Every structure is written in C-alpha cells, then in structure tokens.
Amino acid sequence: MTTEAFVYDAIRTPRGRGKRTGSLYGVKPVSLVVGLIDEVRRRNPTLDPELIEDVVLGVVTPVGDQGCDIAKTAALVAGLPDTTAGVQVNRFCASGLEAVNLAAQKVRAGSEDLVLAGGVESMSRVPMGSDGGAWPMDPATAYDTYFTPQGIGADLIATIEGFSREDVDGYALRSQVRAATAQEAGFFKDSVAPVRDVNGLIILEHDEHIRPGTTLEALAALPPSFAQIGEAGGFDAVALQKYHWVERIEHVHTAGNSSGIVDGAALLLIGSEQAGRDAGLRPRARIVATALSGSDPTIMLTGPAPATRKALAKAGLTVEHIDLFEMNEAFAAAVLRFAKDLQIPLEKVNVNGGAIALGHPLGATGAMLVGTVIDELERRGQRYGLCTLCVGGGMGIATVIERL
C-alpha cells in the first residue's frame, strides 16, 4: 500500500538581486541553506532531528560555492545528525521542484519517512552557465541538437503565437503589480525567513527584485535582450531551420519581461503520516501527483502544458479542479502560451506575481512555488494547486498539491 507524502512546513529566504551589489552577494549559498534548516527546527520545536533522513537540494550550477554535494555539507554545518544524508540534483530550472518530487517519491515508496527538500542558487556568486556542458558549449553538439538560448525560444513562441511587445510587457506589469501588492499586504511574511549574519543581525528580510513603480512606458523603453545574439550570433537562423515557415523572429523579450537574476534558497519538510505523528507535526498539504514531460528542445519552453496534462491525469483531476496555478515566469510568452494551451484564465495564474517581478533563483524556484501555492491556498481556503516550470532541453515538470 502506497504511503502518502505530506508537506509539514515550507519556507524560503527572501530573493536578493543576483549581482555584486545585491544584499546576499556576501552570503555563501551553504549559509542560505543552513539558515533555513535552523528556521525549520525553530518553527517545529517538537521535531527530533534524528528523524530527518535526507536533505535533497536542487542546484542548477553545482560548481564552486555550490559544488561538492552542498546538501550534505549544509546538513553537517547545521548540526544535523551524522545519519542525515544529502544529495544535490540538477534538472535545470526544475531542480527545486524535482527535489521536492524526489522527496515525495521516497516517502511514498517507503524508502524514507522524513526528508528536507528544496534548492539553492547564488547567482551573484556562481554565474549561470559557469559549469559548462556539451549542449551549449561544444559546437558540434550544439549544431547536432539545434541548440538555441532560451530567450530565442521565448521570442519564437511570441512570434508564432502572435504575442506582441505590448502583450508581454502587459503581462510583466501584471506580475510586478501583483508581487508588490502581495508584499505590501504581508502575504509572504510567514514563509520568508530573514537572512542573518553571524551576529544574528538581519541582512535581508524582503524580496529586493520587485519594482513597485513599474509602468508600461518604462517597460516599453527597454531594448530587446536577444536580438543581437539571435541575429549576429546566428541563433535565429538555427531556430528557423526547424521553424522554416516563420519568416523572421520578432524579438520582444527584455530584461523587464523576463525572469530576474537573484539569489535565494527554499526548504520543505516532507514526510509520511506516521513520521509526522512521531515528530508532533501537523500536515499542511499533500503531494497528489507529479509528472515530467518534454517538447521540442529548440523552442524549449513549451513543456509545462504536456507535463501538467500528465500530472492531472495521474491525479484523476482536470484543469477545472485546480484553484491556483504557479507557472514559473521564465519569460512572459512562456506563461501566456501555457495559459492559452490549457485555456486557464490568468486570474488563476501566479496570483502573487512571479519570477519576472520576484526573480528566478534557478535551483530554488520550483520549491519556492510549492510554498507559495500552499500559502495562498490556505489564505483563500481553496483546495488544489499546481506548480509547473519550463525546463532546459524542452522538458516540463508539474506537481499537484492538495491543501489539508
């Protein structure tokens, strides 16, 4: 008989701007995770650390400060028992949600009973792409697989779907307004654990990428981010070899309607019903179903729709059953395409803003989405949420959550 997997707690750090001038640049990624482990223990005083069997962390750039199995390192630094294991996983932008799903699968399979799962990414300290790899870096591999950067795929989606610059800027403004409103109303307060220095002084306690004063005029003034690399770099030509019926790619994505580069970490406590009882914990949500899928790796960003359909089928649910959707705002066109594919009203998607406003700390984002949707389901008294992300290589991932 399959054991259910429950979420007992879900917290995250604030997102700091992912540059040298960002508030979290001076904080090691392992320290971000250790701070969250400490906070989980503080928030759950009946939890015996001996019951925590594993720490599973998503990390997209697992080198330098984020290499050498940062999950086990964080467990050691946090003073968890020697018996607590640790592993880091990389499924590109889905790494944080993959960590959550793996933890749930471990619990459901009965191989482990209580797991800390989440992710971390310090994009200011470990730049995106610094781990190399044959797919983007080796010319022969890139040529054979029709590799293009994700921004080219986003612009190609907008071109094919007829999403104008005004459409994607309008969506970006919506994200900024929703995030600023949610932050002002204190919707993130209970789940955001301030980052502190060694003396206990607060370094950052709020998301610092949000731009409350954003206007359509300001967004419209930003230059396209991917026109030069697409045209001069030859990536438009690569994409158009596959999409030969498209005359030219309209470059509509900018720094203002694409996800922000930030630092951050997230952590969820996931376990079986019996483990929760043993630890004196109350479950907040149940992980109902998970799914992975894929789509064309050149356009790259259309995987969430097939992954969502697959997860819903496994859960025995339909789109209409889902009260809230969290779709990672890698690029505005990716979210617009997802909502169009599944005929989801935008009123149910990213209701407190998304990565365009808040930022996208690659390895942590998926875990953050789960915490966000649980918080909002509780606030609204609703039942089902679904988290999904587009992923490098055309992959998609989706997780169905039930509030308890």
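The values are calculated or read from the model by the stated rules, or taken from the named source; none is laboratory data. The structure displayed is predicted, hence computed values, not measured ones. Please note: Cβ atoms are built from the backbone with ideal geometry, for glycine as well, and neighbour counts cover all protein chains shown. Areas reflect the complete protein model, heavy atoms only, side chains present, ligands, DNA and RNA absent. Shrake-Rupley method; radii C 1.70, N 1.55, O 1.52, S 1.80 Å.
Some points to look at:
- Three-way shape label, region 330-404, alpha-carbon gyration tensor, a/c 1.5: prolate
- Antiparallel DSSP beta bridges within the chain, percent to nearest 5: 70
- From the coordinates shown, P(r) over Cα pairs in 10 Å bins from 0, in percent corresponds to which of [x] 4, 18, 27, 23, 15, 8, 3, 1, 0, 0; [y] 5, 24, 34, 25, 9, 2, 0; [z] 5, 22, 31, 25, 13, 5, 1, 0: [y]
- Element breakdown for the chain at a 1.4 angstrom probe: carbon and sulfur atoms account for 53% of the accessible area.
- Under 13 Å of direct C-alpha separation, and excluding same-chain neighbours fewer than eight residues apart, LYS348 reaches these aspartates and glutamates: GLU320, ASP323, GLU326, GLU376.
- Cleavage-rule hits, GluC sites (Glu not before Pro), region 132-234, DSSP coil, Cβ neighbours within 10 Å at most 15: GLU205
- Crossing angle, helix 365-380 versus the chain [Cα axis fit, 0-90 degrees, rounded to tens]: 70
- Gained length - ALA220 relative to ASP144, 0.36 nm times residue gap less alpha-carbon distance: 23.7 nm
- Cα-based shape type of region 97-182, given that a ≥ b ≥ c are square roots of the gyration tensor eigenvalues and the cut on a/c is 1.5: oblate
- Projecting the Cα positions of GLY18, VAL34, GLY96 onto the charge dipole of region 5-151 (unit charges on Cβ atoms of Lys, Arg, Asp and Glu, taken about the Cα centre) puts GLY18 furthest along the positive direction.
- Think of it as helices only: each DSSP H run of n ≥ 4 in the chain is worth -39500 (n - 2.57), and spread over all residues that comes to -11000 deg cm²/dmol at 222 nm.
- With the whole protein complex present, LYS340 retains an accessible surface near 110 Å², based on a 1.4 Å probe.
- Prolate/oblate/rounded call for region 1-113, Cα gyration tensor, a/c under 1.5 rounded: prolate
- Computed on region 264-321, with alpha-carbon pairs under 8 angstrom and 6+ residues apart, the relative contact order is 26 percent.
- Largest-first principal axis extents, alpha carbons of region 210-298, Å: 61, 38, 20
- Net charge of neighbours whose Cβ lies under 10 Å from the Cβ of PRO81, counting Lys and Arg as +1 and Asp and Glu as -1: -4
- Region 96-195: chymotrypsin sites (Phe, Trp or Tyr not before Pro) in DSSP loop, at most 16 other beta carbons within 10 Å: TYR146
- Across region 279-351, C-alpha contacts under 8 Å between residues 6 or more apart give a mean separation that, scaled by the residue count, equals a relative contact order of 27 percent.
- Computed on the chain, with alpha-carbon pairs under 8 angstrom and 6+ residues apart, the relative contact order is 27 percent.
- Highest GNM mean-square fluctuation among LEU114, LEU216, LEU97, for the chain modelled with Cα contacts below 10 Å: LEU216.
- With all protein chains kept in place, the per residue accessible area of the chain amounts to 39 square angstrom at a probe of 1.4 angstrom.
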